[in-house]
Amino acid sequence: MVQALIVVPELENPKILDIGCGTGVPTLWLAENLGGTITAIDTDKNALEWLQKKIMNTNLNKRISALNISFFDLRSDPDYFDIILAEGSLNVIGFRNGFLKVTGMLKHKGYFIIHDEYRDHQKKCGLISENHCELTNTLFLDEQVWWNDYYKQLEKEINSIKTSQIKSLFKSEQKEIELYKSDPAQFKSMYYIVKKF
């Protein structure tokens, strides 16, 4: 994610949306490295409770709003957000449907950072160019990047939890980590850095 955001110019007080924020690893990075305010959404109530604790512990409650809501139920003014991040969430909600909804919420000259599986790459590039957007950059990630930049940190966070009751809240994340370990090759992915014009 860091390399993908390098190409986004610095914006003054941006409004940022993090779709499918989970326990908030990307959300907190955005808060620490970009100005502005962040709306972080996810349907996983337990993950959001964990994120909310981290927000309070880092005193970021005035900058981050964590909402337990589906992306499709989120209401926003048109052209509202300067930056929208989708870390794997379009893979869940459907690339086409998710992309079309996001472009309506994104400001003109705003940026949409998509992290998605590599499959159907050319089709995704076509959809982007057909919908008043420019693909400003792409970043291919092999399976090792997923481990080094995401799952390794996530596993460390989960293992640092002392009580089994709280640790049990992260069963789906633990399954993902095990899936990665069993077949890393399926985790090739791509960052798409998209600008709306």
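The values are calculated or read from the model by the stated rules, or taken from the named source; none is laboratory data. Keep in mind that what you see is a predicted model, and the values were worked out from it rather than measured. So basically every Cβ, Gly included, is an ideal-geometry build from the backbone, and we count neighbours across all protein chains shown.
If you go through segment 1-24 and keep only what is outside any loop (DSSP other than H, G, I, E, B) and within 17 Å of Tyr191 (Cα to Cα), you end up with Val2, Gln3, Ala4, Leu5, Ile6, Leu17, Asp18, Ile19.
When Asn33, Asn68, Asn91, Asn131 are screened for being under 16 Å from the mean Cα position of the chain (by Cα), modelled with pLDDT of 95 or more and surrounded by fewer than 21 Cβ atoms within 10 Å (Cβ to Cβ), only Asn68 passes. For Thr27, state whether it is under 15 Å from Gln153 (Cβ atoms) and in contact with a Phe, Trp or Tyr (Cβ under 9 Å, 6 or more places away or on another chain). Judged against the criteria, Thr27 is not a match. Scanning segment 1-58 for residues that are of a type in the set (Asp, Glu), under 12 Å from Glu87 (Cβ atoms) and without any contact (Cβ under 8 Å) to a residue 40 or more places away in the chain yields a total of 1.
Among the numbered conditions (1) without any contact (Cβ under 8 Å) to a residue 40 or more places away in the chain; (2) under 19 Å from Val25 (Cα atoms), the only one that Arg119 does not meet is (2). With respect to the conditions (1) of a type in the set (Asp, Glu); (2) part of a strand (DSSP E or B); (3) modelled with pLDDT under 95, Asp79 falls short on a single one, namely (2). Residues that are under 30 Å from Ile166 (Cβ atoms) and not hydroxyl-bearing (Ser, Thr, Tyr) do occur in segment 92-105, at least one of them. Here Ile55, Ile128 are screened, and the one residue that is closer than 30 Å to Ile161 by Cβ, part of a helix (DSSP H, G or I) and of a type in the set (Val, Ile, Thr) is Ile55.
The rows are residues; the columns are (1) at pLDDT 90 or above; (2) of a type in the set (D, E, K, R); (3) surrounded by 11 or more Cβ atoms within 10 Å (Cβ to Cβ).
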{"residue": "Asp120", "(1), (2), (3)": "yes, yes, yes"}
{"residue": "Leu139", "(1), (2), (3)": "yes, no, yes"}
{"residue": "Lys152", "(1), (2), (3)": "yes, yes, yes"}
{"residue": "Glu155", "(1), (2), (3)": "yes, yes, yes"}
{"residue": "Ile166", "(1), (2), (3)": "no, no, yes"}
{"residue": "Ser172", "(1), (2), (3)": "no, no, yes"}
{"residue": "Lys175", "(1), (2), (3)": "yes, yes, no"}
{"residue": "Leu179", "(1), (2), (3)": "yes, no, yes"}
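The requirement of being in contact with a Leu (Cβ under 6 Å, 6 or more places away or on another chain), buried (at least 18 other Cβ atoms within 10 Å of the Cβ), small (Gly, Ala, Ser) and not in a loop (DSSP other than H, G, I, E, B) is not satisfied by Ala40. The combined condition, being more than 26 Å from Val8 (Cβ to Cβ), surrounded by 12 or more Cβ atoms within 10 Å (Cβ to Cβ) and not β-branched (Val, Ile, Thr), is not fulfilled by Phe99. Of (1) touching a Lys or Arg at 6+ places or on another chain (Cβ under 8 Å); (2) among the hydrophobic types (A, V, I, L, M, F, W, C); (3) in contact (Cβ under 8 Å) with a residue 40 or more places away in the chain, Leu127 satisfies all except one. Which? Every listed condition holds for Leu127 apart from (3).
Scan segment 59-101 for residues that are within 23 Å of Val2 (Cα to Cα), free of Cβ contacts under 8 Å to residues at least 40 places away in the same chain and among the hydroxyl-bearing types (Ser, Thr, Tyr) and the total you get is 1. Residue-level check: of (1) of a type in the set (D, E, K, R); (2) out of contact with any Gly (no Cβ under 8 Å at 6 or more places or on another chain); (3) in a helix (DSSP H, G or I); (4) in contact (Cβ under 8 Å) with a residue 60 or more places away in the chain, Glu173 misses just (2).
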